[in-house]
Amino acid sequence: MYGSRARIGYTSPPSATEVFPYEFYRIVPPGVTLVLHTLPLIDRTSEEVDRSYDHSIGIAKVMGRAGIDIMVFGGLPIVVSRGFANAEDLRRAMEAELGIPVITSASAQQEALTTLGARKVGIIQPYGDDHGARHMAYVREFGCEPTGVVGLNARFIELGKVSLDQVYQAARALMRAHPETDTIHIYCPHLATAGVTDRIEREFGVSVVASLQAIVWNALRHAGIDDRIPGFGRLLAEH
Amino acid sequence: MYGWRARIGYTSPPSATEVFPYEFYKMVPDGVTLVVHTLPLTDKSGDEVDRSYDASERAARVMARAGIDIMVFGGVPILASRGFATAEEMVRQTERTIGKPVITSASAQKDALAAVGARKVGVVQPYDDSHVERFLGYVREFGCEATGCASVNSTFIELGTVDEERVLAAGRQVMRDFPDSDTIHIPCPHFATANVIEKLEREFGVNVVTSLQSIVWNALRRVGIDDRIAGYGKLLREH
């Protein structure tokens, strides 16, 4: 079987998922596979988010039967829709039930920021400016100080069309406006980021945490795979 | 965006999908992405198949909003559940609704068998012997003579754990038991088959047509990507 080293289960919020498997297979070493389930998110309505929470729990049990080595609950807004404390309770309860490690999009990003020693965090988020405050709150929840936020003004259904250059330009704008930033946090693993992580770190002398990179890193490490992987930021190359 | 040459939409039957995206990204050239939606199949029950039929139609409309270039309806048993003629009508209807080419797992395999000139077809199928007649029936539906079948004896939920050596052994068994076969057909794109295609073609001088290879080939050609791709059989290399 292809997943001889680790089979990583993941609930992927977009009903039509594109970027996650693409970047996943660019990053992971041979012998690691993704076991994917798409959640019913089309326009990211609160009703869709609510359904996705319960749906994720059901699917984790299916993944367990399929024999995965680690489960990742995807979708930060879904995972924390009933609070960050509840997300941690859910993670522990599922770990006990499935008998394998369970992480979430939230716990992975928290561990990534901590590991890199992030303190002053600038944010790139995919949507309009009305989503800025929510992402600033996530950063505070992760124990860091948000310096500022740049929105890419994409819509959820069109995340697959965002270009790497848009992300790079957002990083430039962010660093110009908030030069005290030590870490750039790029939210959402459903837009292209893997191809610019290294460049942003080099050019601006910061650390980059991208949701997908954080999830892959955290899942590999919890599955006991300690390979240092170059090309996608310090997190995977050094930690 | 990553899918600058083509973004291929696909409804993937297994609720926990593993092998399809893995083999897809082994085969396609740069600039081609998979936009995937998982269907609610866990144990392949009749109720799950029925729900998947309707879910597939809904997913196609979501995929169209996401901007895909071609839609692939996955799961021959789902398509066959209301008869192939009904499925064909559903495909034409969807094509009109979304304004993009639509193919199915069944039409891709039929076109692939025709392209390689298959006439006498031996089958390697993933489940136990109780599924043999169904798979021989598909081959006849695709316009070929079915010579016989070898079973890999897996279950649906465990398809991701099938070792390719088992598939290779089943391919050799088909050729031993039915040496008049000119083509080996390996239906179901959710177990590891990509690496056995060339081995079996070389060893026995036959064509090997797998579901996944057929779907990738047919989708690429239908969106005008004529790259000849080496390593996965005559179909992708020569047609």
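Structure above, values below:
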{"quantity": "Exclusive hit being touching a Pro at 6+ places or on another chain (Cβ under 7 Å), at pLDDT 95 or above and either crowded, with 17+ Cβ neighbours inside 10 Å or closer than 23 Å to B:Phe24 by Cα (or both), set B:Val139, B:Val152, B:Val196, B:Val206", "calculated": "B:Val152"}
{"quantity": "Helices (runs of 4 or more DSSP H) completely within the stretch B:150-239 that count 2 or more residues being touching a residue at least 12 places away in the same chain (Cβ under 8 Å), more than 30 Å from B:Ile68 (Cβ to Cβ) and away from chain A (no Cβ under 14 Å)", "calculated": "B:164-177, B:197-204"}
{"quantity": "Residue that is nearest to the other protein chains (Cβ to nearest Cβ), among those in the stretch B:20-40 that are of a type in the set (Val, Ile, Thr) and over 16 Å from A:Thr11 (Cα atoms)", "calculated": "B:Thr33"}
{"quantity": "Residue in the stretch A:75-89 that is under 27 Å from B:Ser52 (Cβ atoms), of a type in the set (A, V, I, L, M, F, W, C), buried (at least 17 other Cβ atoms within 10 Å of the Cβ) and at pLDDT 95 or above present", "calculated": "no"}
{"quantity": "Condition check for A:Thr114: away from chain B (no Cβ under 14 Å) and either outside any helix (DSSP H, G or I) or within 30 Å of A:Arg176 (Cβ to Cβ) (or both)", "calculated": "yes"}
{"quantity": "Positions within the stretch B:176-185 being of a type in the set (A, V, I, L, M, F, W, C) and either out of contact with any helix residue (DSSP H, G or I) (no Cβ under 7 Å at 6 or more places or on another chain) or within 10 Å of B:Gly148 (Cβ to Cβ) (or both), in sequence order", "calculated": "B:Phe178"}
{"quantity": "Qualifying residues in the stretch B:209-239 (those that are among the basic types (Lys, Arg) and more than 19 Å from B:Ser181 (Cα to Cα)) - the one surrounded by the fewest Cβ atoms within 10 Å (Cβ to Cβ)", "calculated": "B:Arg228"}
{"quantity": "Any hit, the stretch A:143-158, residues being among the acidic types (Asp, Glu), surrounded by fewer than 17 Cβ atoms within 10 Å (Cβ to Cβ), in contact (Cβ under 8 Å) with a residue 12 or more places away in the chain and in contact with a helix residue (DSSP H, G or I) (Cβ under 6 Å, 6 or more places away or on another chain)", "calculated": "no"}
{"quantity": "Filter pass, A:Val150 being within 15 Å of the chain's Cα centre (by Cα) and either outside the structural domain of A:Ser12 (by TED's automatic domain parsing) or in a strand (DSSP E or B) (or both)", "calculated": "no"}
{"quantity": "Subset tally (residues that are surrounded by fewer than 17 Cβ atoms within 10 Å (Cβ to Cβ) and either touching a Leu at 6+ places or on another chain (Cβ under 6 Å) or outside the structural domain of A:Leu98 (by TED's automatic domain parsing) (or both)) for the stretch A:11-54", "calculated": "0"}
{"quantity": "Qualifying position, being within 14 Å of another protein chain (Cβ to nearest Cβ), at pLDDT below 95 and out of contact with any Cys (no Cβ under 8 Å at 6 or more places or on another chain), among A:Thr33, A:Thr17, A:Thr45", "calculated": "A:Thr45"}
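To keep it simple, each residue is scored yes or no on (1) within 14 Å of chain B (Cβ to nearest Cβ); (2) among the β-branched types (Val, Ile, Thr); (3) in a helix (DSSP H, G or I); (4) buried (at least 22 other Cβ atoms within 10 Å of the Cβ).
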site: A:Ser56; (1), (2), (3), (4): yes, no, yes, yes
site: A:Ile68; (1), (2), (3), (4): yes, yes, no, yes
site: A:Val72; (1), (2), (3), (4): yes, yes, no, yes
site: A:Glu97; (1), (2), (3), (4): no, no, yes, no
site: A:Ala106; (1), (2), (3), (4): no, no, yes, yes
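The values are calculated or read from the model by the stated rules, or taken from the named source; none is laboratory data. Keep in mind that what you see is a predicted model, and the values were worked out from it rather than measured. Cβ atoms come from the backbone with ideal geometry, glycine included; neighbour counts cover every protein chain shown.
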